[in-house]
Amino acid sequence: MVTEGAAAATARWLCERLRAVGCSAHLLSVARDPEQHVDLVRARRSADGVVLVEPPGVPDALTGLAQSTTAAVLYAVGPVSLSATVAQVAGQVGAVSQVSGLPLDDTAAVCGHGLCGACDLPLAGRRESWVRACSDGPVLRGDLVDWGRAG
Ligand code: FES
């Protein structure tokens, strides 16, 4: 589970749900400022392991964590750029990715109701096809999105 920004509560909740059904769950917290990481005490209660990393370090840290834990699924909740990175790493390590498609950064002005188009993401392999994350997601399989064409 990879999280950045205000989505940490969602990440902890998913870790707890996964562990409740017998899966192991590791949390990778991404932040530029150490003060913006997840609450470590609460995170360690929710996950089997917690890793703190700055944004540039996500690909290497996630690749190492996914390989050492033989993760089957990589989850991402945070900015679209984080979802793109997690989807890319998942493809490289042979895992499935389930990622947030909504622009969850602080500057995004989104309707959340399928009206504004701010969350449109291009589908991989389909030139003129888009997925509207708020109404078709918000969680999407990372390999279905063409992240290179995502705004
Ligand atoms: S957030 Fe407006 S259409 Fe999805």
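The values are calculated or read from the model by the stated rules, or taken from the named source; none is laboratory data. No experiment lies behind these values; they were computed from the predicted model shown. Neighbour counts are summed over all protein chains in view; Cβ atoms, including those assigned to glycine, are modelled from backbone coordinates with ideal geometry.
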Could you tell me whether the stretch 42-53 includes any residue that is within 15 Å of the ligand (Cβ to nearest atom), out of contact with any Asp or Glu (no Cβ under 8 Å at 6 or more places or on another chain), at pLDDT below 95 and closer than 23 Å to Arg19 by Cα?
-> no
Pick from the stretch 27-71, criterion of a type in the set (Gly, Ala, Ser) and within 16 Å of Leu82 (Cα to Cα), ranking: nearest to the chain's Cα centre (by Cα) = Ser29
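Among the listed residues Val131, Val93, Val80, which satisfies the condition of being out of contact with any strand residue (DSSP E or B) (no Cβ under 7 Å at 6 or more places or on another chain) and within 16 Å of the ligand (Cβ to nearest atom)?
Only one candidate passes the filter, namely Val80.
Mind checking which residues of the stretch 1-23 are more than 14 Å from Val77 (Cα to Cα) and touching a helix residue (DSSP H, G or I) at 6+ places or on another chain (Cβ under 7 Å)? Spell out how you get there, then give the answer.
First, pick out the residues of the stretch 1-23 that are more than 14 Å from Val77 (Cα to Cα): 16-23.
If the condition is that a residue be more than 14 Å from Val77 (Cα to Cα) and touching a helix residue (DSSP H, G or I) at 6+ places or on another chain (Cβ under 7 Å), then Glu16 is the only one that fits.
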The number of residues in the stretch 29-62 that are within 14 Å of Ala6 (Cα to Cα) and either touching a Gly at 6+ places or on another chain (Cβ under 6 Å) or assigned to a strand (DSSP E or B) (or both) is 2
Give the stretch 82-97 a look and list any residue that's exposed (fewer than 15 other Cβ atoms within 10 Å of the Cβ) and outside any loop (DSSP other than H, G, I, E, B), or say none.
-> Gly91, Gln92
Looking at the stretch 63-81, which of its residues are in contact with a helix residue (DSSP H, G or I) (Cβ under 9 Å, 6 or more places away or on another chain), in a helix (DSSP H, G or I) and surrounded by 19 or more Cβ atoms within 10 Å (Cβ to Cβ)?
-> Ala66, Val80
The stretch 96-128: number of residues that are at pLDDT below 90 and more than 7 Å from the ligand (Cβ to nearest atom) | 12
How many of the residues in the stretch 12-28 are assigned to a helix (DSSP H, G or I) and not small (Gly, Ala, Ser)?
-> 8
Is at least one residue of the stretch 65-74 more than 20 Å from Cys23 (Cβ to Cβ) and without any contact (Cβ under 8 Å) to a residue 40 or more places away in the chain?
-> no
Hey, can you tell me all the residues within the stretch 109-142 that are closer than 21 Å to Val89 by Cα and assigned to a loop (DSSP other than H, G, I, E, B)?
-> Ala124, Gly125, Gly137, Pro138
